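Take a look at the structure set out below.
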Amino acid sequence: MEPHERTSRTAEQQLTALLGRALNSFELADEFVDRLSTAIAHSVSLYSSRHSSAGPRRLSRETYRHSYLLADGGTATLWELVHNTARGGGTQHELYAGEADARLAASRLGFCDEGDPETDLELLDALFAAQPVVVERTYVRDNSADHARRLLRRAENPDRPGESTAQLLRHALAHRITRAFGSGFTHVTLYEHAFLLSDGSESSLWEIEHTATPDGRHMCEVYTTERTAREAMKLRARYAEYRP
């Protein structure tokens, strides 16, 4: 059944089906999904599409905009990327809460026409210029001090946080992990690891996961500020863009 044929379902049924078929639905923030679950109506429209017959099989990607009317009178949007570019040629679905994330993920799949200005780097520039969204934190008590220790231990960047940061986070009581940019389908992903300390204060580490290495190996970098992490992230994205 094509996405535009699902509008006969209730908003709850449509959302359940959408989350169930998406490979990356676990990356959506819990608060966002909870808000979507209050939807009383929905609509879906085709946002963009690309098709190519070059090569041994026909490739396609389509982006759909799913709009929801919520019980409190507000609205919310989910962006669905549907493509068959994975090995084996099967149809895959990905979900994104923001248009820019969806566009970036789509651009990673190719299909850009000659002269198309919608490049990865332009999208990255737009995303980095956007103001961060402030959300209320909900912390989880789950061996948070050990989580901080393991995060710092796997960091490979030479300018990773030092012993003073490690000492501070030994007093972590709870933590929360939030994806700040990217997804498992892009070359570079940024996470915020926020920690609640024993004195009631908060401290964050910013983790970059990427494959922008000469051999394509997965690498983890950790920084103490979002600005430094995003600057490093942009460099890694540019390297990945031009790597042979």
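Every number in this text was worked out from the coordinates using simple rules, so none of it is lab data. All of these numbers come straight from a predicted model, not from anything done at the bench. Counting neighbours? That spans all protein chains shown, and the Cβs are built from the backbone with ideal geometry, glycine included.
The slack between Glu12 and Arg149, meaning 0.36 nm per residue of separation minus the straight C-alpha distance, is 45.3 nm. Note on Ser198 and Val140: their simple-model spin labels are 2.4 nm apart, each label 7 Å out from Cα toward Cβ. The residues neighbouring Thr225, those whose beta-carbon lies less than 15 Å from its own, together hold a net charge of -3 under the Lys/Arg +1, Asp/Glu -1 convention.
Taking 0.36 nm per residue of sequence separation and removing the Cα-Cα distance, the Leu235/Leu173 pair yields an extension gain of 19.0 nm. Neighbours of Gly98 by Cβ distance under 13 Å: Lys/Arg scored +1, Asp/Glu scored -1, total -2.
Computed from label points 7 Å out along Cα-Cβ, the spacing between Arg227 and Ala100 is 1.8 nm. Each peptide in 154-160, 208-214, 63-69 receives the mean, over its residues, of other Cβ atoms within 10 Å, and ordering these scores from highest gives 63-69, 208-214, 154-160. With Cα atoms as the point set, the radius of gyration and Dmax of segment 144-242 evaluate to 13.6, 46 Å.
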